[in-house]
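Shown next, in structure tokens, is the structure this report addresses.
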Amino acid sequence: MKYAVIKTGGKQYKVSEGDVIEIDKLAAADGKVVFEEVLLLSTDAGVKVGKPTVKGAKVEGKSLGDFKGEKIRVSKFKSKVRYRRVSGFRAQLSKVQIEKINEGKAETAAKKS
């Protein structure tokens, strides 16, 4: 099974080809997204762990659109003082479908020839 661990928006995601992930909003005008920060790459040949990233590896995907996440309500309360505050937050998210996981070997071989 081929999968990768990528880092985007300060978070890490385990992705495989064909997966649909929800990440922090990206500015992808043309719909194509490339993740350069690949922390771990697992293929049939073995597992590569980056120091801190795997060199030459990248994950390509396409943006399926932006949306708002679920509302989170935050409340503050202090007893005996009549202090109550409630605020809400909805995260701006993007939906991305992972299309291809590149190891980087084929690209370096293509450049040499």
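Bear in mind these aren't lab numbers, they're just calculated from the coordinates by the rules spelled out. Note that the structure is predicted; figures quoted are calculated from it, not measured. Neighbour counts run over all protein chains shown; Cβ positions are idealised from the backbone, glycine included.
State the number of residues belonging to the stretch 1-53 that are more than 15 Å from LYS100 (Cβ to Cβ) and among the β-branched types (Val, Ile, Thr).
The total comes to 6.
Quick check on the stretch 23-45. Is at least one of its residues in contact (Cβ under 8 Å) with a residue 60 or more places away in the chain, charged (D, E, K, R) and at negative phi?
Yes: the stretch 23-45 contains one or more residues that are in contact (Cβ under 8 Å) with a residue 60 or more places away in the chain, charged (D, E, K, R) and at negative phi.
Among the residues of the stretch 64-80, is there at least one that is among the charged types (D, E, K, R), touching a residue at least 40 places away in the same chain (Cβ under 8 Å), within 28 Å of MET1 (Cα to Cα) and not in a helix (DSSP H, G or I)?
Within the stretch 64-80, not a single residue is among the charged types (D, E, K, R), touching a residue at least 40 places away in the same chain (Cβ under 8 Å), within 28 Å of MET1 (Cα to Cα) and not in a helix (DSSP H, G or I).
Tally up the residues in the stretch 4-29 that are of a type in the set (A, V, I, L, M), under 15 Å from PHE67 (Cα atoms) and assigned to a strand (DSSP E or B), please.
Count: 3.
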